[in-house]
Amino acid sequence: MSSSRPYLVRALYEWILDNQCTPYMLVNAEYPDTAVPTAFVEDGQIVLNLSPSAVRELHMDNELISFDGRFGGVAQQVWIPLGAVMAIYARENGQGMVFELEPSTPPQDEADGDDQPPQPPRPEGGGRPSLKVVK
């Protein structure tokens with residue numbers, strides 16, 4: 001079965017806009033194939049404003065989110081694999097969803113002799129951001 005993450009991200013994005021709020025996305029900037037403005041990355045993460053007035057050419061599919069944005073007055077293209085999305089929420093009230101971290105490397109081959117299942121990496125600084133849960 002395919003991941004529900006891209007569907008949830010798109011649905012929450014639309015829900016946030018429908019409620020006249022600003023969609024913010026928390027992204028793991030160190031996830032492979034992620035292209036974000038490095039000058040704005042803090043502790044390996046970046047928060048992006050995805051409102052229609054802040055981005056151009058927004059594209060969301062089951063693999064990738066991409067758009068053109070301006071950061072410090074400089075135009076830049078942004079590429080975010082869905083595995084790098086850590087949260088999407090409304091700036092005004094914090095309502096949204098936090099996602100489980102996806103491993104940034106493929107699982108180890110079971111033939112390596114390790115009987116333990118691979119564990120996703122833990123974020124530095126002790127955990128997830130604090131956001132309100134959508135009810």
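The values are calculated or read from the model by the stated rules, or taken from the named source; none is laboratory data. Note that the structure is predicted; figures quoted are calculated from it, not measured. Backbone-built Cβ (ideal geometry, glycine too); neighbour counts: all protein chains shown. SASA here: full protein model, heavy atoms, side chains in, ligands and nucleic acids out. Shrake-Rupley method; radii C 1.70, N 1.55, O 1.52, S 1.80 Å.
How many Å² of accessible area per residue for region 36-99, probe 1.4 Å? Could you put the intermediate results ahead of the total?
Numbers: 3310 Å² over 64 residues.
Value for region 36-99: 52 Å² per residue.
Given the peptides 60-69, 28-37, arrange them by the average over their residues of other C-beta atoms within 10 Å, most packed first. Each step should come with its number before you reach the end.
Details: 60-69: 15.7, 28-37: 17.5.
Ranked by mean Cβ neighbours within 10 Å, highest first: 28-37, 60-69.
Please work out the Cα center distance from region 16-34 to region 59-104, rounded to the nearest Å.
For region 16-34 versus region 59-104, the Cα centre distance is 3 Å.
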